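> The structure's right below; bear with me while I get my questions together.
The values are calculated or read from the model by the stated rules, or taken from the named source; none is laboratory data. Computed from a predicted model, the values in this text were never measured in an experiment. Quick reminder, even Gly has a Cβ in these numbers, built from the backbone with ideal geometry, and neighbours come from all protein chains shown. Keep in mind that these areas ignore ligands, DNA and RNA; they rest on the heavy atoms of the full protein, side chains included. Shrake-Rupley method; radii C 1.70, N 1.55, O 1.52, S 1.80 Å.
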Amino acid sequence: MFCLQRRWFSTIFAKLVNCNACGIKLQNENPQGIGYYIKPRKPVINKLQSLEDIKYLLFSQDVQRVKEAQEVGSLEELKESMEEPPICKRCNDAVHRNQYDLKEFGRFKIEKVLEQVPEGSNLLHVVPLPEFPFHFEKSLLEGKSYDTSLILTKGDQLAKDKGTLQRKAPIFFADFLKYQLGIISNKIVAVSAAKQWNVQSAYALMKATSYLIGDANVGKSTLVNSMMKKYFGYKIHTDRQGNFAAQPPTGEDLKNLKHFFKSHAAGVSHIPNMTRGIQGYRIGDKVVHDLPGFTTNVDEVYLENIIRKTWLERIRKTEKFNTKKLKNWKSITVKGSENGGCYTVGGLFFWQPPNGTINQIVNYLPGEGREFKSLDRGLEVLNACKNEEHPLLKYCAVHPDVCYQEKYARHIIPPFQGSIEVVLKNIGHILLRTTGKYEFKGLHELWVPRGIDVCIREPLERLISKGAWQHIESRGKEPACPKDRPIVTSTYVMDSTESEPLLKMREMYLQRTSNDLSSRRFIHDDPQEVVSKLHDENPNLYWYYIW
């Protein structure tokens, strides 16, 4: 048993020249260089004759003595060297020790990533459905240099069932691209790689050779692993000249498929920008290349500087998303008050509904929400949570030095009827609605830590289901997506002293649309008159999103 494991390890290292986690070329000569890899020393076998011996030692009182006696350094290192394919020290420290320097996880501009894709290639743009429109890069579908398809991932975090992704989402987004963005495309698939929903449709979009492109942490690697398990796949390694070399599995590999898939799986991590080199995979009869994630704004704030690491892990580990929230639709009632009463989830946002309104919130973020009588009080309480023994520590997601009003931006939500979803980029979304008879009593406000992007949309799952049903029932005569009104919008960030937010919003709206005059709506109407009455169709006054 032990000899077989040793032979496997020496063989895989001889062939492998790229880190299994990030795809960078490995080297073990310069500790300060990129791709540095600590090659484990060969274990001494005189005391460890079988895997059962190792298991016994792991749970015996003699473990410390054996650790000191083994030349491999420690029994844990010995165990890891047998089970894990080689990865560089940067990735090893991040994955196994949760220790990493953000400077080593650099961001890539989209132009840099596309340099690795030959012109005319089959490009698959991966976008997480729950955070749409964030992470969607319009230019990838508009350009003529590539044959581009759209794959919407993490669908189980938005849709209650597989059918919504398989049948309804493609119809809706085809019309969305057509009527909202002027892009004609039917190459759209929505999937949940975690639940194996509709993975076969994503595979069908691929040609003999395809490239996955998308923002960091949008689910590219998880999709690769899901397809590898369904259609059987393995990693394609590169030589020192960067040429791909397929190494089909041997009969010995096929005897232990679990171990084989583990050694060939795409590196999945909650840490953004883990992948830094192109990685190739043979999946069925096709080859797919997983590209490093791009970042639209490489200078944007790192969430690690805002959010506690334990909360970030819960946010980013999407397999821990509680899908029961989608079916149970458990809402909390929040009343607007004269003093600016607010609701928060860990300080990731503070929602202040208008005075005199009765509202509901459905929280799809990890962590419990809590109400405070004012923004100042909420910040004061969370700031006190720097004491690790504070009884409200479990409610605090942000670092204590963030809990000051000047560290938060005041986002004004443009007027809406019924329900909206608030999307926090790289964090998740929540649903807000005002209940009772419609009456405009003011604008909703969100106070969000500076550096976190926010947008608003009409409830997406409802839009998809209703629109697809209308389209099918009318035999294609009715569009699946609204043609004449925007369904997503940016918020309006204003100074805390602004006392006429609706008038200020109109001024900002005209500035934003100065280069897009055809999108302007209600500019000749009195905004107070528009919002004072209930409309048959949502007017979405001053809704606008720059794609």
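> Do the alpha carbons of any pairs in LYS325/LYS394; LYS207/LYS258; LYS317/LYS394; LYS195/LYS258 sit beyond 22 Å of each other, and which pairs? Present the calculation step by step, with values, prior to reporting the outcome.
Values: LYS325/LYS394 20 Å; LYS207/LYS258 27 Å; LYS317/LYS394 18 Å; LYS195/LYS258 18 Å.
Pairs exceeding the cut-off: LYS207/LYS258.
> Could you sort ARG377, ARG450 by their accessible area in this structure, using a 1.4 Å probe and putting the largest first? Before the final figure, lay out the partial values.
Numbers: ARG377 95, ARG450 135 Å².
Descending order: ARG450, ARG377.
> How do HIS264, HIS96 stack up against each other in accessible area, from largest to smallest, with a 1.4 angstrom probe?
Working: HIS264 15, HIS96 80 Å².
Ranked list, largest accessible area first: HIS96, HIS264.
> Please list the non-local residues whose amide H lies under 5 Å from the amide H of SER210, H modeled 1.01 Å from N, same-chain partners needing a gap of 5 or more.
Answer set, sorted by chain and number: VAL287, VAL288, HIS289.
> Also, I was wondering about something else. Between ALA204 and LYS144, what is 0.36 nm times their sequence separation minus the Cα-Cα distance? Round to one decimal in nm.
Details: separation 60, 0.36 × 60 = 21.60 nm, distance 2.13 nm.
Taking ALA204 through LYS144 to full extension adds about 19.5 nm, to one decimal.
> If r is the Cβ-Cβ distance from GLU380 to ASN256 and R0 is 51 Å, what FRET efficiency results, to the nearest 0.05? Walk me through the numbers on the way to the answer.
Numbers: r = 56 Å, r/R0 = 1.11.
Step by step, r from the Cβ atoms, then E = 0.35.
> Continuing with this model, one more query. Taking the full set of protein chains and a 1.4 angstrom probe, give the accessible area of THR357 in square angstrom, rounded to the nearest 10.
10 Å²
> A follow-up question, please. Tell me which chymotrypsin sites (Phe, Trp or Tyr not before Pro) from the range 308-386 have a DSSP coil assignment and no more than 15 other beta carbons within 10 Å of their own. Before the final figure, lay out each step's value.
Working: sites: TRP311, PHE321, TRP329, TYR343, PHE349, PHE350, TRP351, TYR364, PHE372; in loops: PHE321, TRP329, PHE349, TYR364.
Those satisfying the criteria are TRP329.
> Ranked highest first by the average count of other Cβ atoms within 10 Å around their residues, in what order do 217-224, 24-31, 289-296, 186-193 fall?
Numbers: 217-224: 25.1, 24-31: 13.8, 289-296: 21.9, 186-193: 23.4.
Packing order, densest peptide first, comes out as 217-224, 186-193, 289-296, 24-31.
> Follow-up question, since we're still on this one. Between beta-carbons, use under 12 Å as the cut-off and find the net charge around HIS444, counting Lys and Arg +1, Asp and Glu -1. Can you show the working numbers first?
Details: positive: ARG410, ARG433, LYS441; negative: GLU445.
Net of charged neighbours comes to +2.
> Quick check: from the Cα gyration tensor, does the range 480-524 come out rounded (a/c under 1.5), prolate or oblate?
Values: a/c = 2.46, a/b = 1.79, b/c = 1.38.
Taking the square roots of the gyration eigenvalues as a ≥ b ≥ c, the range 480-524 is prolate.
> Something else now. Any chance you could run the full-extension gain for ASP161 through TYR404? It's 0.36 nm times the residue separation minus the Cα-Cα distance, nm to one decimal.
Details: separation 243, 0.36 × 243 = 87.48 nm, distance 4.12 nm.
Full extension from ASP161 to TYR404 adds 83.4 nm.
> Report relative contact order for the range 389-547 in percent, whole number only (criteria: Cα-Cα under 8 Å, sequence separation at least 6). Don't skip to the end; give the middle numbers.
Working: 196 pairs, mean separation 44.6, N = 159.
The normalised contact order for the range 389-547 reaches 28 percent.
> So if we plug the beta-carbon distance of LEU517 and LYS441 into 1/(1 + (r/R0)^6) with R0 = 25 Å, what FRET efficiency do we get, rounded to 0.05?
Details: r = 32 Å, r/R0 = 1.27.
Efficiency at R0 = 25 Å is approximately 0.20.
> Taking the Cα-to-Cβ direction at ILE332 and at GLU500 and moving 7 Å from each Cα, how far apart do the two end points lie in nm?
Here the answer is 3.6 nm between the modelled labels.
> Something else about it: Taking the Cα-to-Cβ direction at GLU368 and at ARG485 and moving 7 Å from each Cα, how far apart do the two end points lie in nm?
Result: 3.8 nm between the two label points.
> Report the label-to-label distance for GLU29 and LYS325 in nanometres (one decimal), using points 7 Å from each Cα along the Cα→Cβ vector.
Spacing of the two 7 Å Cα→Cβ label points: 5.0 nm.
> Using a cut-off of 12 Å between beta-carbons, work out the net charge of the residues near VAL530 (Lys and Arg +1, Asp and Glu -1, VAL530 not included). Each step should come with its number before you reach the end.
On the way: positive: ARG506, ARG521, LYS533; negative: ASP525, ASP526, GLU529.
Every neighbour counted, the sum reads 0.
> If each residue of separation counts as 0.36 nm, what is the full-extension length gain between SER419 and VAL301 once their alpha-carbon separation is subtracted? Could you put the intermediate results ahead of the total?
On the way: separation 118, 0.36 × 118 = 42.48 nm, distance 2.96 nm.
Length gained, SER419 through VAL301: 39.5 nm.
> Does anything in the range 368-385 have its amide N under 15 Å from the 7 Å Cα→Cβ label point of ASN355, and if so which residues?
Those under the cut-off are 374-375.
> For the range 86-233, which whole percent of the accessible surface, found with a 1.4 angstrom probe, sits on carbon and sulfur atoms?
The value for the range 86-233 is 47 percent carbon and sulfur by accessible area.
> Then there is this: Round to the nearest 10 and report in Å² the accessible area of ARG520, as given by a 1.4 Å probe over the protein chains' heavy atoms.
Using a 1.4 Å probe on the heavy atoms, I get roughly 70 Å².
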